[in-house]
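This report refers to the structure that appears directly beneath it.
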Amino acid sequence: MELTSVAIGIVSVIAIVIAIYSGAHIAIALGMISFAGVLILRDAGIAFNLLGLAIADSVSEETFATVPLFVMMGLVVSRAGLGRDVYDFANDLFRPLRGGLGIATVAANAIFASVTGSSIASASVFAKVAIPEMLRFRYGRRFAVGIVAGSSVLGMIIPRA
């Protein structure tokens, strides 16, 4: 029985969902299953060429060149204890509001993401700073991670001058 390209596409989407839910990283799941799909549809030469192009395109983007520096900045802020001081202040300020630290994190993350222009950089910095501090104030892990992940993409929709 010959598989059509539509059938391979449907099987690939199902395989990606299964791989992600079984714990594989999203990039790994997408890359491996896409590679396998192209390998089935075409030949190994085309699959390896497309894999090389995808890697080269993602590495050569200027936007992603700043991400390691923002990760380092998040590490420095985390190690210096600046995040602890800021979250102590924010907790005192927003204590009357339910989920006050979540609100403060969304606002700070959106501003940071709009300034940097990179949701990846914003997510990496706030993952190092905000999540441990929110856990320290007894917020749930899923809530803290969801706040950081959701608010880091807000910078893309905030217009810059």
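In the condition set (1) over 15 Å from Glu133 (Cβ atoms); (2) touching a residue at least 40 places away in the same chain (Cβ under 8 Å); (3) not polar (S, T, N, Q), Ile28 is compliant with all but (2).
For the residues Val59, Val77, the requirement of being in contact (Cβ under 8 Å) with a residue 24 or more places away in the chain and either closer than 23 Å to Ala27 by Cβ or in a helix (DSSP H, G or I) (or both) singles out Val77. Only a single item in (1) touching a Ser or Thr at 6+ places or on another chain (Cβ under 8 Å); (2) modelled with pLDDT of 85 or more; (3) crowded, with 19+ Cβ neighbours inside 10 Å; (4) among the aliphatic types (A, V, I, L, M) is not met by Ala104, and it is number (1). On the stretch given as region 10-46, residues that are part of a helix (DSSP H, G or I) and over 23 Å from Ser58 (Cα atoms) total 8. Of all residues in region 6-22, those that are without any contact (Cβ under 8 Å) to a residue 12 or more places away in the chain and farther than 12 Å from Ser34 by Cα have Cβ atoms under 8 Å from Cβ atoms of residues that are of a type outside the set (D, E, K, R) and assigned to a helix (DSSP H, G or I), 6 or more apart or on another chain, in Ile20/Ile26; Ile20/Ala29.
So for region 39-51 (the condition being among the hydrophobic types (A, V, I, L, M, F, W, C) and loosely packed, with under 12 Cβ neighbours inside 10 Å), does at least one residue qualify? Within region 39-51 (the criterion being among the hydrophobic types (A, V, I, L, M, F, W, C) and loosely packed, with under 12 Cβ neighbours inside 10 Å), the answer is yes, since at least one residue qualifies.
Would you confirm, using the coordinates I've provided, whether Gly99 is at pLDDT 85 or above, within 30 Å of Glu133 (Cβ to Cβ) and either loosely packed, with under 14 Cβ neighbours inside 10 Å or small (Gly, Ala, Ser) (or both)? The answer is yes for Gly99.
The values are calculated or read from the model by the stated rules, or taken from the named source; none is laboratory data. Note that the structure is predicted; figures quoted are calculated from it, not measured. Ideal geometry is used to build each Cβ from the backbone, glycine not excepted, and the neighbour counts take in all protein chains shown.
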